[in-house]
Structure formats: C-alpha cells, structure tokens
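The values are calculated or read from the model by the stated rules, or taken from the named source; none is laboratory data. All of these numbers come straight from a predicted model, not from anything done at the bench. For neighbour counting, all protein chains shown are included, and Cβ atoms are generated from backbone atoms with ideal geometry for every residue, glycine included. For accessibility, only protein heavy atoms count, side chains too; no ligands or nucleic acids. Shrake-Rupley method; radii C 1.70, N 1.55, O 1.52, S 1.80 Å.
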Amino acid sequence: MAHSGINVLFEGRNLIRLFGGLWTTVEIAGVALILGLLLGIVLGVLRTFPNRLLRLVLRLYLEFFRITPTVVLLFLFYYILPRQLGVNLPANQMAMLAFALWTSAEMSDIVRGALISVPKHQRESGMAIGLNRWQLYRYVLIPQAVSLELPATVNLVTRVIKTTSVLMLISVMDVINVGQQVVEANNQKFPTGVFWVYGMIFVMYFAIDYPLSWWAKRLDKKRLERANG
Amino acid sequence: MSSWQIIQQSLPLFEKGFVLTLWLSFIGIIGSIIVGLICSLLKYFRVPILSKIAVIYVEVSRNTPLLVQLFFLYYAFPVLGFKLNAELCGIVGLIFLGGSYMAEGFSGGFDGVSKTQVETGKAIGLSQLQLARYVVFPQGLILSVPALAANMIFLIKETSIFTVIAIPEMTNTALDLIGMYYRSNEYLLMLVIGYALILIPLSLILTILEKRVRYGSFGN
C-alpha cells in the first residue's frame, strides 16, 4: 500500500524530534545573540573613541569576520580551538562562541554607524553642559542611536537565525541534522517523505524569521517617516 | 611533510575550487540582479497579480536559509520528478536567494528617492512612465548601489554553503583535503586567504564605486 509522504511527520516521534532539533537551533542562536549583541555594543562604542590603535584593531576584527564565510568560520573554531589552543568544548558551545563573536563584529558596525549619525550638535551640546564621556554616551548618544540602529539589529538577528543552518556541518544535532536522520530512517516506508520533512524545516525557519523581518521593515519605515517628515 | 610542501602540493586543487567559486558567484550575482530588478519593477509599477507573487517570493526567499533551499532543490525535488545536477542546483538556489536580496536593494533605492522629487515630477505633468524613467530610476538606482554591493559580497560568501551538496568549490575542496590528510591548519589558512583574495579587492572596488556614484545623487 502506498503511503502518503506527509504521514512521515506523524510517524512515531518524528515531529517531536524535529521540534527538539529546532530547540537546539534556537538555543544556540539565542545564546550567541545575547552574548554577541552585548559585546557588539561595547565594541561599537569603543570604535567611536578617538584612540587610533584601538579603532584599527577593532576595524581589523570586523573585517576578518566580514570576509570569512560563516561555514569557514565554524570550521576554524572547530579545528583550531582544540588542536592549537587545547580548548575542548562540545560542538554546541563552540558554535555559540563562533556565532557570538561573528555577531559582535557585525553589531559593532551597526552601533558605530548609529552613534556617528547622531547629529553633531547633540554631542557638542552635551559637552557644553559639562557631561563627562560616560554621561554623554549614557544620556545623549546611546538613547538616540538605539532608534536608529534597531531595524538593522533586528535584521542581524534574522540573519544569525538563518545562518544557524550551517551548524549541521559540524555535527550539531540541529533541526536539519535531525531532519536528515528522519529522512534516512523512513526512506523505505515513505519515499516522498524527504519532501515533507525538508518542507517542514523550511516552514519552521520561515515562521521564526518572517515576523522578525516584518517588524524590522515596519521599524525602518517609521524611522524614515520621522526623518523625512 | 612541511607545511610549505603541503600548501604547494594542494595549490592546483585549490585553484580549481577558487575558479569554480568565482564562476558560480558570478553567474549567481548576474542572475540575482536580473531577478531582483524584475521583481522590484513589478512591485514599483504595482502590476496586478504579478506584483503580489513577487512580494511572496521575496518574503519566502529572504526568510529561509540557503542551505535549506538547496536541500529542498537537491534532495526533495527529485522525488517530484525534477532532477538537477549539483552545480545547477547551486546556481538556481543562489539566484533564488539572491533575487530577493537584490529586489529589496532596488526597491529600497526607489523608495529612497525624496518625496519632493516625485511630487515635482507630477506637478510638471510627467506621466507615470516618464516619472519612473527620468526621476525615480536614475536617482533610485544610485541610492541602491550600497545595498547591491553588500549583497554581492554576501552571495559570494554564501557559495561556501554549496559544500553541503558536494559542489567542488573552494570550501568543499578544503574540507575534502582536511578529511583526507588531517592537515587542518594549512588548508584552512589557504581557504581564508582564498576568500580574502576575492573579497578584499572586490570590496575596495565597490567602496570606490559607491563614492563615485554619490556625486550623481541629487536633492538629498
């Protein structure tokens, strides 16, 4: 008797396993984002400081992450950390670390961009009323920069979530790896199951990323309306 | 064997991978620009039905990872009777992904043309087509250059994901070699340098281009 492929999702614990894999994906993306965004804010603020050496080093940090594809980055961490530096982390944590550093680099550029586009008179007025550097950032620059950078930050979040798909390459049991196993285990019984399993994963990613990118677009539109009147 | 010998020995293989990465990126970028331009035009002119399809395509494509799109094309489509070889899958996948990014880039540029420009055009009696031809597109295309440039770099980096469907581009070559000879340091170094050789000159050229076209912007 022919089985309809969609039933592969409801066979045994397949669906639960897929959602388990999704949770691993979300967990890694979540931790990487929290660490990466925070570090990125600090680095972004530092990049607006006048110290040239500091700016150069942070710029090189950014460019390194910019020109290295995430797949390559992941493998750099995967091979270099244990073999050269003797750091043995489970694949999940290694992925969190790699993604967090990558996020921080991208975030630093967003934060820097937002900070330097706060109008100059704001900074100068702040200094004129005698704010020190910490107060200037805390009360004048950062609050204004947040609204400028928010759409880009949300877009970065969606990018990081999408990029977690490459985790399967370093054998993290993420949603795609689980999906592959489900497909292989059920290939005999459900020859068209592959379509439904990957279709399900497709929908899962879309369901997470679409609301975020919709939100980013709306924020951006609001910002443009405010700017153009 | 010394590191240097390892590097020398694998150079010809890397060169092949490098050329394939360049070639696939090139076709992918050209295809993406064409698809993106068409989609953004459909959206701009609000062509009935087709513009809705373009919007749906853009949202589906840019909110899902390339890797999943490739898996779908490569493993799931054959079940339905469409069988493509790996390289064709890669190119189709890259254009499917890149088309939406480019569409967003073009649309962003068209939307960025200041309202006064559009209203002035209407006030002097330009038709919708004339408005597009003489006011919105020339300025909008210039405004979209930075986004298009960023997309190009993004798409080149995305070709590294082709390794999952075993296209022998640069990343795949490196990972294969590591699997065979366990010399991860040398091969990873070559891989990073390989991408740097493509991306550093390109991003310099694009930065210069962005500066040059900015002279053409007007009314902002």
task: Run down A:Ala114, A:Ala105, A:Ala91 and say which single residue is closer than 27 Å to B:Ser25 by Cα and aliphatic (A, V, I, L, M).
output: A:Ala105
message: Checking the structure you have, find out if any residue of region B:45-55 is in contact (Cβ under 8 Å) with a residue 40 or more places away in the chain and more than 15 Å from the chain's Cα centre (by Cα).
response: yes
- request: Would you point out the residue of region B:66-79, among those that are in contact (Cβ under 8 Å) with a residue 60 or more places away in the chain and open to solvent by less than 50 Å² (accessible area, probe 1.4 Å), that is nearest to the chain's Cα centre (by Cα)?
  value: B:Leu66
message: Quick check on region A:21-58: of everything there that is under 20 Å from the mean Cα position of the chain (by Cα) and not hydrophobic (A, V, I, L, M, F, W, C), which residue is farthest from A:Met107 (Cα to Cα)?
response: A:Gly21
message: Looking for something at pLDDT 90 or above and over 30 Å from B:Phe77 (Cα atoms) - is there at least one such residue anywhere in region B:163-172?
response: no
task: Residue by residue through region A:192-203, note down the ones that are facing another protein chain (nearest Cβ under 9 Å) and either within 20 Å of A:Ala145 (Cβ to Cβ) or open to solvent by less than 80 Å² (accessible area, probe 1.4 Å) (or both).
output: A:Thr192, A:Gly193, A:Val194, A:Phe195, A:Val197, A:Tyr198, A:Gly199, A:Ile201, A:Phe202
- prompt: Counting just the residues of region A:66-98 that are at the interface with another protein chain (Cβ under 8 Å from one of its Cβ atoms) and over 19 Å from the mean Cα position of the chain (by Cα), which one comes out surrounded by the most Cβ atoms within 10 Å (Cβ to Cβ)?
  reply: A:Tyr79
statement: Taking region B:190-205 and the residues there that are more than 9 Å from chain A (Cβ to nearest Cβ) and free of Cβ contacts under 8 Å to residues at least 60 places away in the same chain, the one that is nearest to B:Ile6 (Cα to Cα) would be B:Ile193
- prompt: Got a sec? Which helices (runs of 4 or more DSSP H) wholly within region A:101-216 have at least 3 residues that are in contact with a Ser or Thr (Cβ under 9 Å, 6 or more places away or on another chain)?
  reply: A:142-163, A:175-185
Criterion violated by A:Thr164 - all others in (1) more than 12 Å from the chain's Cα centre (by Cα); (2) under 30 Å from A:Ile67 (Cβ atoms) satisfied: (1)
- request: Only residues that are free of Cβ contacts under 8 Å to residues at least 40 places away in the same chain and within 14 Å of chain A (Cβ to nearest Cβ): list them for region B:80-92, please.
  value: B:Leu80, B:Gly81, B:Phe82, B:Lys83
query: Which of the residues spanning region B:92-114 are β-branched (Val, Ile, Thr) and either open to solvent by less than 30 Å² (accessible area, probe 1.4 Å) or outside any helix (DSSP H, G or I) (or both)?
result: B:Val113
